[in-house]
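Structure first, commentary second.
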Amino acid sequence: MLRPLTIASVLLVALLAGCGGSATKEEFREDALAARNETDAGLAQIVQATSVDDLLARMRIAASRVRAASTDLGDADAPDDLEDARDALARRLLALSGEIVKTVETLELFPDQAALTSALNFEEWNAVQAELTKLRALGVAVPLLERHKPEPVRQ
């Protein structure tokens, strides 16, 4: 017959076994890839802007999509040995989202400069790339973000 303390110990061990990284590396790769793809899609649509107002609206959308990707990735299960990498990438995605928002706020303050803007560079984009590179080194095959530019206008 099991004593109450033994039953409690078995239940505690069972609960603890369910915590932590129960995802496989492939399952985590799918979550990381989804976050990467959502981020890339958000950034890609910025270059299709046709006016300053459209640019700012598209940047807000991109920031929202990147923030959602960060949240989804942060909530995703990961193998124990990849939890730190997951958290680092989620933090960098959130920082990229914040940087995009700050850029929108700055461009709103200087609309004449916004009209002259021909390219945008985000420092956090580089940090996200570095985290994706680290994931690849850990055996999680997730491509880097793309560089996006508008399609040439045909005359």
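Could you please let me know if Ser97 is surrounded by 13 or more Cβ atoms within 10 Å (Cβ to Cβ) and more than 12 Å from Leu56 (Cα to Cα)? For Ser97, the condition - surrounded by 13 or more Cβ atoms within 10 Å (Cβ to Cβ) and more than 12 Å from Leu56 (Cα to Cα) - is met. Only a single item in (1) more than 13 Å from Arg36 (Cβ to Cβ); (2) hydrophobic (A, V, I, L, M, F, W, C); (3) in contact (Cβ under 8 Å) with a residue 40 or more places away in the chain is not met by Val128, and it is number (1).
This table checks each residue for (1) in a helix (DSSP H, G or I); (2) at pLDDT below 95; (3) over 23 Å from Ala127 (Cα atoms).
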residue: Ile7; (1), (2), (3): yes, yes, yes
residue: Val13; (1), (2), (3): yes, yes, yes
residue: Glu26; (1), (2), (3): yes, no, yes
residue: Ala35; (1), (2), (3): yes, no, no
residue: Thr39; (1), (2), (3): yes, no, no
residue: Leu43; (1), (2), (3): yes, no, no
residue: Arg58; (1), (2), (3): yes, no, no
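Restricting the range 81-94 to residues that are without any contact (Cβ under 8 Å) to a residue 40 or more places away in the chain and out of contact with any Ser or Thr (no Cβ under 6 Å at 6 or more places or on another chain) leaves a set whose member that is surrounded by the most Cβ atoms within 10 Å (Cβ to Cβ) is Arg92.
Condition first: under 15 Å from the mean Cα position of the chain (by Cα), in contact (Cβ under 8 Å) with a residue 24 or more places away in the chain and outside any loop (DSSP other than H, G, I, E, B). Can you find one or more residues in the range 109-124 that meet it? Within the range 109-124, one or more residues are under 15 Å from the mean Cα position of the chain (by Cα), in contact (Cβ under 8 Å) with a residue 24 or more places away in the chain and outside any loop (DSSP other than H, G, I, E, B).
Considering the range 105-155, the residues that are exposed (fewer than 11 other Cβ atoms within 10 Å of the Cβ) and touching a Lys or Arg at 6+ places or on another chain (Cβ under 9 Å) include one that is nearest to Leu82 (Cα to Cα), namely Gly139.
The values are calculated or read from the model by the stated rules, or taken from the named source; none is laboratory data. All figures in this text were calculated on a predicted structure; none of them were measured in a lab. Quick reminder, even Gly has a Cβ in these numbers, built from the backbone with ideal geometry, and neighbours come from all protein chains shown.
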